[in-house]
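Input: a single structure, listed below in structure tokens.
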Amino acid sequence: MEMKGTLMFVLVMCMVVSGSRGDINSFRDCYAKCFIFCMIEPDKSLCTCTTQCLKECIFPSLPPSSTMALDPHTQNLGYCKLGCATSLCSNISKAHNPDGKNVESCVGSCSNKCTMSYSSLSP
């Protein structure tokens, strides 16, 4: 019970801080909110929440069916970024701290790696 109370307090603080900055659509805010809500659920693990939130925040407004409508290059870049983020960034978050700032930085580096990788393959 104490952990849930702490997580709720952190969630409220994150919402207040992000709301006052005016950039509530950033990856960092998306990830922190998703992670905190996920960790409150009793059947969710750290690994499950990290993976779920990376996916939700890398593909923020795309329902599953619309990813098929993207051109293959864009879709491949997104999946490259998700794979890179899952393997390199998922160990940053801890049960009591999503550490959105460092996760965001790590995911950004994945974006650069994937873009460079796919750019070198293009004719």
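The values are calculated or read from the model by the stated rules, or taken from the named source; none is laboratory data. The structure displayed is predicted, hence computed values, not measured ones. Cβ placement follows ideal geometry from the backbone for every residue including glycine, while neighbour counts extend to all protein chains displayed.
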Open item on the list: Conditions first: (1) at pLDDT 90 or above; (2) more than 12 Å from the chain's Cα centre (by Cα); (3) surrounded by 14 or more Cβ atoms within 10 Å (Cβ to Cβ); (4) within 20 Å of GLY108 (Cβ to Cβ). LYS81 passes all but one, so which condition is the exception?
Closed with: (2)
- [ ] Give the residues of the stretch 84-107 that are in a helix (DSSP H, G or I) and surrounded by 14 or more Cβ atoms within 10 Å (Cβ to Cβ), sorted by residue number.
- [x] CYS84, ALA85, THR86, LEU88, CYS89, GLY100, ASN102, VAL103, GLU104, SER105, CYS106, VAL107
TODO: Kindly indicate whether ALA32 is surrounded by 19 or more Cβ atoms within 10 Å (Cβ to Cβ), modelled with pLDDT of 85 or more, among the hydrophobic types (A, V, I, L, M, F, W, C) and under 16 Å from THR115 (Cβ atoms).
DONE: no
